[in-house]
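The values are calculated or read from the model by the stated rules, or taken from the named source; none is laboratory data. Keep in mind the model is a prediction, meaning the values are calculated, not measured. Neighbour counts are summed over all protein chains in view; Cβ atoms, including those assigned to glycine, are modelled from backbone coordinates with ideal geometry. These area figures cover heavy atoms from the full protein model, side chains too; ligands, DNA and RNA do not enter into them. Shrake-Rupley method; radii C 1.70, N 1.55, O 1.52, S 1.80 Å.
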Amino acid sequence: MMRDRHIAILALQETHITPELSREIKSVYNRRIHLESSSLPEREASAAGVAIALNKTMLDTSRTTSTEIIPGRAILVRTFWRNGRHLRILAVYAPTGNMTENAAFWATLKTWWVSNQEPKPDMMLGDFNMVQNTIDRFPPRSDPQPATEALDALTTALRLHDSWRQTFPTN
């Protein structure tokens with residue numbers, strides 16, 4: 001799919017990728033795909049998991065690095081884009097169901113960035129398991145305020161914005 005649709009970067013959630021499966025994927029697809037993944041400790045094959053697949057035919061992945069921020073939930077990948085420009089991609093899979101855990105997840109990410117003084121990501125991709133804007137849900141409804149405020153605080157601190165919502169404010 002990445003080859004046929006010319007996808008350079010694919011963020012994956014609920015991957016359930018064990019270390020063994022990761023090695024197998026890398027072995028089989030090594031010529032075309034560079035995979036960085038993070039599993040939920042002790043539940044690798046049954047819960048959560050986040051990964052980023054990079055298309056080697058479109059990106060220089062020779063110096064790609066990753067940092068596991070929250071195991072099975074958040075991974076930061078640094079790679080090269082075009083013209084030697086670095087690209088930092090944050091892939092997330094936020095907790096579902098319990099909005100208190102969801103809010104804590106966003107707060108933990110913000111704290112990590114403040115503590116580690118890591119350069120801010122160029123983009124954040126993934127499954128947030130919530131929406132900031134009621135228009136993004138059908139039928140429209142709001143998620144709990146603590147979760148939306150925690151995500152807002154993170155995106156403000158990292159100077160990230162929802163490009164879709166800025167381009168199409170009423171769609």
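Can you confirm whether Ala103 is part of a strand (DSSP E or B), among the small types (Gly, Ala, Ser), modelled with pLDDT of 90 or more and surrounded by 19 or more Cβ atoms within 10 Å (Cβ to Cβ)? It is false that Ala103 is part of a strand (DSSP E or B), among the small types (Gly, Ala, Ser), modelled with pLDDT of 90 or more and surrounded by 19 or more Cβ atoms within 10 Å (Cβ to Cβ). Looking only at region 82-98, how many residues end up being open to solvent by 70 Å² or more (accessible area, probe 1.4 Å) and either under 19 Å from Ala51 (Cβ atoms) or among the hydroxyl-bearing types (Ser, Thr, Tyr) (or both)? Matching residues across region 82-98 total 1.
Quick check on region 56-74. Is at least one of its residues within 13 Å of Leu10 (Cα to Cα) and either among the β-branched types (Val, Ile, Thr) or part of a strand (DSSP E or B) (or both)? So far as region 56-74 goes, no, none of its residues is within 13 Å of Leu10 (Cα to Cα) and either among the β-branched types (Val, Ile, Thr) or part of a strand (DSSP E or B) (or both). Among the candidates Ile135, Ile75, the residue that is surrounded by 17 or more Cβ atoms within 10 Å (Cβ to Cβ) and of a type in the set (A, V, I, L, M, F, W, C) is uniquely Ile75.
The conditions of being within 21 Å of Ser39 (Cβ to Cβ), open to solvent by less than 60 Å² (accessible area, probe 1.4 Å), at pLDDT below 95 and in contact with a Gly (Cβ under 8 Å, 6 or more places away or on another chain) are not met by Gly126. Mind checking whether some residue in region 23-37 is free of Cβ contacts under 8 Å to residues at least 40 places away in the same chain, assigned to a strand (DSSP E or B), open to solvent by 30 Å² or more (accessible area, probe 1.4 Å) and among the hydroxyl-bearing types (Ser, Thr, Tyr)? Scanning region 23-37 turns up at least one residue that is free of Cβ contacts under 8 Å to residues at least 40 places away in the same chain, assigned to a strand (DSSP E or B), open to solvent by 30 Å² or more (accessible area, probe 1.4 Å) and among the hydroxyl-bearing types (Ser, Thr, Tyr).
Total residues in region 113-154 satisfying the condition of being assigned to a helix (DSSP H, G or I) and under 17 Å from Ala48 (Cβ atoms): the figure is 0. Pairs are defined by a Cβ separation below 8 Å, a sequence spacing of at least 6 or placement on different chains, a first member in region 152-170 that is small (Gly, Ala, Ser), and a second member that is assigned to a helix (DSSP H, G or I) and open to solvent by 70 Å² or more (accessible area, probe 1.4 Å); the pairs so defined are Ala153/Lys110; Ala157/Lys110; Ala157/Val114. Would you please name the residue that is surrounded by the most Cβ atoms within 10 Å (Cβ to Cβ), looking only at residues in region 43-72 that are more than 14 Å from Leu87 (Cα to Cα) and of a type in the set (Val, Ile, Thr)? Here the answer is Val50.
Restrict the check to region 106-120 and report whether at least one residue is loosely packed, with under 15 Cβ neighbours inside 10 Å, modelled with pLDDT of 95 or more and either polar (S, T, N, Q) or on the phi > 0 side of the Ramachandran plot (or both). Checked against the condition, which is being loosely packed, with under 15 Cβ neighbours inside 10 Å, modelled with pLDDT of 95 or more and either polar (S, T, N, Q) or on the phi > 0 side of the Ramachandran plot (or both), region 106-120 yields at least one hit.
Is it the case that some residue within region 41-59 is within 15 Å of the chain's Cα centre (by Cα) and at pLDDT below 90? There is at least one residue in region 41-59 that is within 15 Å of the chain's Cα centre (by Cα) and at pLDDT below 90. Close Cβ contacts (under 8 Å, 6 or more residues apart or on different chains) running from residues in region 131-142 that are on the phi < 0 side of the Ramachandran plot to residues that are surrounded by fewer than 12 Cβ atoms within 10 Å (Cβ to Cβ) and among the hydroxyl-bearing types (Ser, Thr, Tyr) comprise Ile135/Thr170.
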